[in-house]
Amino acid sequence: MYRIGQGYDVHRLVEGRELWLCGEKIDFELGLLGHSDADVAIHALCDAILGALALGDIGKHFPDSDPRYKGIDSKKLLYHVCRLMREKGYELGNCDLTICAERPKLRPHIDTMRQTLAEVINTSVDNISVKATTTERLGFTGRMEGISAYAVALLRKS
């Protein structure tokens, strides 16, 4: 049996914050604003997995009103979501993430991002796809106001 889920997240770019994407710190002059480390890619992936399991969204499980999640490493959130996935009797078949950012250029980081996600999820790197795109200077992403991410996850009964 298979289940599929889709996730989306967006965070504002600001000065004075670190930029974390797919669990990797990216050297850049701006970072993402959020209650946690604001890793939009991991948040979108968490929502995709939770959606496939019909367990709600990341805000239900890790509310921004809860001080326990202030500044938390989003890899910990993903690890918890994967534990829920396994408790329900599923494993990740594969996932596909798209990060929308005008800058910085993410291509040099993609392989490391894939490896980091594979380690957190405890799956083969071959099951993890990470892509990056711009919006051709259109919209909030193009104006460098924020970064967004989309994710799709296919789960299979273990």
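The values are calculated or read from the model by the stated rules, or taken from the named source; none is laboratory data. Worth saying up front: this structure is predicted, and the values here are computed from it rather than measured. Note: ideal-geometry Cβ built from the backbone for every residue, glycine included; neighbour counts use all protein chains shown. For the accessible areas, the whole protein counts, side chains as well, though only heavy atoms, and no ligand, DNA or RNA atoms are used. Shrake-Rupley method; radii C 1.70, N 1.55, O 1.52, S 1.80 Å.
Taking 1.567 mPa s as the viscosity and 4 °C as the temperature, the Stokes-Einstein diffusion coefficient of the stretch 55-124 based on its alpha-carbon Kirkwood radius rounds to 92 µm²/s. Starting from the Cα of K157, move 7 Å in the Cα-to-Cβ direction to define the label point; list residues of the stretch 2-18 whose amide nitrogen is under 16 Å from there. Under 16 Å, as judged by backbone N against the label point of K157, lie 2-4 of the stretch 2-18.
Assuming charge only on the beta carbon of Lys and Arg (+1) and of Asp and Glu (-1), the dipole of the stretch 30-158 about its Cα centre is about 100 debye to the nearest 20.
Tell me the mean residue ellipticity at 222 nm calculated for the chain from its helices only (DSSP H runs of n ≥ 4, each -39500 (n - 2.57), averaged over every residue, nearest 500). Could you put the intermediate results ahead of the total?
Numbers: 5 runs with 47 residues, N = 158.
Counting only the DSSP helices, I get -8500 deg cm²/dmol.
In the chain, the DSSP beta bridges split such that about 80 percent are antiparallel, to the nearest 5.
Using a cut-off of 10 Å between beta-carbons, work out the net charge of the residues near N94 (Lys and Arg +1, Asp and Glu -1, N94 not included).
On the way: positive: R156; negative: D96, D126.
In short, -1.
Averaging sequence separations of C-alpha pairs under 8 Å and six or more residues apart, then dividing by the length of the chain, give the relative contact order as a whole percent. Normalised by residue count, the contact order of the chain is 34 percent. Among H61, W20, G71, whose Cα lies farthest out toward the positive end of the dipole of the stretch 1-80, if unit charges sit on the beta carbon of Lys, Arg (+1) and Asp, Glu (-1)? My answer, from the dipole projection, is H61.
How much of the accessible area of the chain, probe 1.4 Å, is carbon plus sulfur, in whole percent? Roughly 50 percent of what the probe reaches on the chain is carbon or sulfur. Relative protection proxy for 143-155, 5-17, 35-47, from highest mean packing down: 35-47, 143-155, 5-17 (other beta-carbon atoms within 10 angstrom).
Here, P(r) means the percent of Cα pairs in each 10 Å bin from 0 to the largest distance; for the stretch 81-122 it is 22, 46, 25, 8. The coefficient of translational diffusion for the chain, derived via Stokes-Einstein from the alpha carbon Kirkwood radius under 20 °C and 1.002 mPa s, stands at 139 µm²/s.
At a probe radius of 1.4 angstrom, the accessible area of the chain per residue rounds to 50 square angstrom.
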